[in-house]
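K.L.:
Quick one: the structure is below, questions incoming.
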Amino acid sequence: MTGSSRLRRWLPPRLWIFVAILAVLVLAALLAPLIAPQNPEAQNLLGRQRPPGTELRDITYLLGSDELGRDLLSRLIYGARVSLTVAALSVLVSGTIGTALGMIAAWLGGWIGTIIMRLVDIVLSVPAILLAIITVAILGPGFINVIAVLAFTRWPRYARVAYGQTLGLMNLPYVRLSRFMGASTPRVLLRHILPNIIGPIMVVVTLEFGLMVLFEAGLSFLGLGVQPPTPSWGAILSTGRNYVTTAWWIAVFPGLFLFLLILSVNVLGDHVRDVVEGRR
Amino acid sequence: MSRFLVRRLLQAVVSILGVMALIFFLQRLSGDPVLLLVSEGASQQAIDALRSNLGFDRPMLVQFADYMTDLARLDLGQSVVQQVPVAEIIKSRLPYTIWLAGVALLLALGIGAPLGVFMAMRRNHPLSKLGMGFVLAGQSLPTFWSGVILILLFAVTLGWLPTSGARAAESVILPAFCLSLLSMATFARVTRTAVLDELSKPYIRAARAKGLSLGQAVRRHALRNSAIPVISIAALEIANLLSGAVIVETVFAWPGLGQLTIQSIAARDFPIVQAIVLLGAFVSILLNLAADLLYSAVDPRIRLEGRT
């Protein structure tokens, strides 16, 4: 098989556009200080609410300026950092905790297993956005707290998958043999179980990632997320709502970026799921 | 059947008790729960007075027992800011959220399900391709953005509908439509899959072989059978609509429970926030239960599995 047809099989051409969007946004986030045309927090009171393409004293506002005269494009580029970092860290934390607890619940069973899995049911029975909101109300908003809240609300998704997968594996001959030969519980779980359940866990990761982007933006939109002046797409959109009659671009562009990011992640996530499940 | 019912009911009760406990302990996590209950800038004396008044200086387990008893009596406490029973405040806002979510559900089912049937029957029709695009986009659309776009388009530019509030009867249209988009996409997708599933079965081929047209076969046979997954999804979608209302109500200044939640957080009125979250969890657990029971009522195979 030639290289290009293999690529086409693993990643059909109709998905390339989504890979491209995702790549552009990730690069924008990584290289924000290098590519942002302006300082995202530099205000210019003479250049408030200028429409996209305005030129003002050597500064071109490609996507317009906001209510304080800050360059919207620069704020959106830095906003990509916030979105992607919060989503990545919360997926990492909730995924690690959830997978660990799920494996432990399956391996130990008994009352520890029951308690963990009951807790999973309970947390999942509260609508996620409400649980996130009440936790933020208690902890207070902010970058770290948002990640903590998202991790706390979402770990049961991973625990459920890890639990089911581990139950299926733990009585297989190779696992029993390794126990027989004296492998400790952590060693069996990490060396023999984890590598074999990582596929299904990755499927949850890809499906959760878009949701985490959406949740961060939603919390920031409600004023419960990352606090100003840090540029977050949700917060920019929320402010832009007040100027929608005079400066539509402030609310429209952050939402568009958000939509494109979530769409790409979701489409590619679906594809990952198909590939993983098709291979099993 | 009855054993499955009892087991499932017990599960729901455990979940509800668990949610109550979860919120109680979350509150204690914040360090000093009294600080959640006083307005900003309260004096130290006022804080201490409230602490002994509410019994926060007693042992944790006693507090927990008290808290659970109050909830069991449906006593949700007093609003810190308005000094009115929380239940009263919720009662005044609840109809707006039910109205909003109800209209949204009608829109979602009324447009989503027929769209799904069409996409299953005419897989290669350009409209079906468009429909699949909508399904994909609908699931990635943040409501706080689509809401702003709808306001910009229909209220600001065209001037057809009010931008926000709930004064006129037509005020519900934009927020309900905005809220319904995600569920609409879900209904379209689920209906399409369900109808396609049915269409591939032998009895449909037999019906077609007898000379029924595709439309007749779908109307007379496939629709009824493909309704099962759609109905049980509907129960779950109601829960999604209710929690989605938090953001949509904020976008459209709709005076329901969602707006109340955010206002209460801003005003540091914790008892109201707690009551709404409990209510949300309660409704969502009940709807999940309803979905399961509905499913097992129409599909006996599930009942058998539940019994083992």
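The values are calculated or read from the model by the stated rules, or taken from the named source; none is laboratory data. What you see is a predicted model, and the numbers here were worked out from it, not measured in a lab. Note that each Cβ is placed from the backbone with ideal geometry, even for glycine, and that neighbours are counted across all protein chains shown.
K.L.:
Do we have A:THR60 as polar (S, T, N, Q) and within 22 Å of A:GLU216 (Cβ to Cβ) here?
P.N.:
Against the criterion (polar (S, T, N, Q) and within 22 Å of A:GLU216 (Cβ to Cβ)), A:THR60 does not qualify.
K.L.:
Condition check: more than 20 Å from B:ASP75 (Cα to Cα) and modelled with pLDDT under 80. Does B:ARG268 satisfy that?
P.N.:
It is false that B:ARG268 is more than 20 Å from B:ASP75 (Cα to Cα) and modelled with pLDDT under 80.
K.L.:
Can you tell me how many residues in segment A:176-232 are of a type in the set (Ser, Thr, Tyr), in a helix (DSSP H, G or I) and closer than 30 Å to A:SER74 by Cα?
P.N.:
2
K.L.:
Please enumerate the residues belonging to segment A:8-42 that are surrounded by 14 or more Cβ atoms within 10 Å (Cβ to Cβ) and among the charged types (D, E, K, R).
P.N.:
Passing the criteria: only A:GLU41.
K.L.:
I'd like to check which helices (runs of 4 or more DSSP H) are fully inside segment B:197-308 and have at least 3 residues that are of a type in the set (A, V, I, L, M, F, W, C).
P.N.:
Result: B:202-209, B:223-251, B:257-266, B:270-298.
K.L.:
Does B:ILE151 satisfy the condition of being at negative phi, within 14 Å of chain A (Cβ to nearest Cβ), touching a helix residue (DSSP H, G or I) at 6+ places or on another chain (Cβ under 7 Å) and modelled with pLDDT of 85 or more?
P.N.:
In short, yes.
K.L.:
Among the residues of segment A:260-280, write down those that are among the hydrophobic types (A, V, I, L, M, F, W, C), under 19 Å from A:GLY218 (Cβ atoms) and in contact with a helix residue (DSSP H, G or I) (Cβ under 6 Å, 6 or more places away or on another chain).
P.N.:
A:LEU260, A:LEU261, A:ILE262, A:VAL265 - these are the residues of segment A:260-280 that are among the hydrophobic types (A, V, I, L, M, F, W, C), under 19 Å from A:GLY218 (Cβ atoms) and in contact with a helix residue (DSSP H, G or I) (Cβ under 6 Å, 6 or more places away or on another chain).
K.L.:
If we scan segment A:177-187, do we find a residue that is crowded, with 18+ Cβ neighbours inside 10 Å, farther than 25 Å from A:PRO40 by Cβ and either among the hydrophobic types (A, V, I, L, M, F, W, C) or free of Cβ contacts under 8 Å to residues at least 24 places away in the same chain (or both)?
P.N.:
No: zero hits.
K.L.:
Another question about this same structure. Would you confirm whether any residue within segment A:89-99 is more than 14 Å from chain B (Cβ to nearest Cβ), closer than 27 Å to A:GLY240 by Cβ and in a helix (DSSP H, G or I)?
P.N.:
yes
K.L.:
Which number in (1) more than 14 Å from every other protein chain (Cβ to nearest Cβ); (2) assigned to a helix (DSSP H, G or I); (3) farther than 28 Å from A:VAL82 by Cα marks the one condition that A:THR114 misses?
P.N.:
Going through (1) more than 14 Å from every other protein chain (Cβ to nearest Cβ); (2) assigned to a helix (DSSP H, G or I); (3) farther than 28 Å from A:VAL82 by Cα one by one, A:THR114 breaks only (1).
K.L.:
A follow-up question, please. Here's a check for you: in segment A:234-249, which residue that is facing chain B (nearest Cβ under 9 Å) and touching a Ser or Thr at 6+ places or on another chain (Cβ under 8 Å) is surrounded by the most Cβ atoms within 10 Å (Cβ to Cβ)?
P.N.:
Ranking the qualifying residues of segment A:234-249, first place goes to A:GLY234.
K.L.:
Here are some conditions: (1) at pLDDT 80 or above; (2) more than 18 Å from the chain's Cα centre (by Cα); (3) aliphatic (A, V, I, L, M). B:ILE228 meets all but one. Which one does it not meet?
P.N.:
Result: B:ILE228 passes all but (1).
K.L.:
For B:GLY131, work out the one condition from (1) crowded, with 21+ Cβ neighbours inside 10 Å; (2) within 14 Å of chain A (Cβ to nearest Cβ) it doesn't fulfil.
P.N.:
Single failed check for B:GLY131: (2).
K.L.:
Cβ contacts < 6 Å: first residue within 7 Å of chain A (Cβ to nearest Cβ), restricted to segment B:278-294; second residue not in a helix (DSSP H, G or I), any location; separation 6+ or different chain. Result?
P.N.:
Between residues of segment B:278-294 that are within 7 Å of chain A (Cβ to nearest Cβ) and residues that are not in a helix (DSSP H, G or I), the close pairs are B:GLY280/A:PRO127; B:ALA281/A:VAL126; B:SER284/A:PRO127.
K.L.:
Being of a type outside the set (Ser, Thr, Tyr) and either more than 26 Å from the chain's Cα centre (by Cα) or surrounded by fewer than 18 Cβ atoms within 10 Å (Cβ to Cβ) (or both) is the filter here; which residues of segment A:89-99 pass it?
P.N.:
Hits for segment A:89-99 are A:LEU92, A:VAL93, A:ILE97.
K.L.:
Could you tell me how many of the residues in segment A:133-162 are facing chain B (nearest Cβ under 10 Å) and either on the phi < 0 side of the Ramachandran plot or buried (at least 22 other Cβ atoms within 10 Å of the Cβ) (or both)?
P.N.:
Of the residues in that region, 9 qualify.
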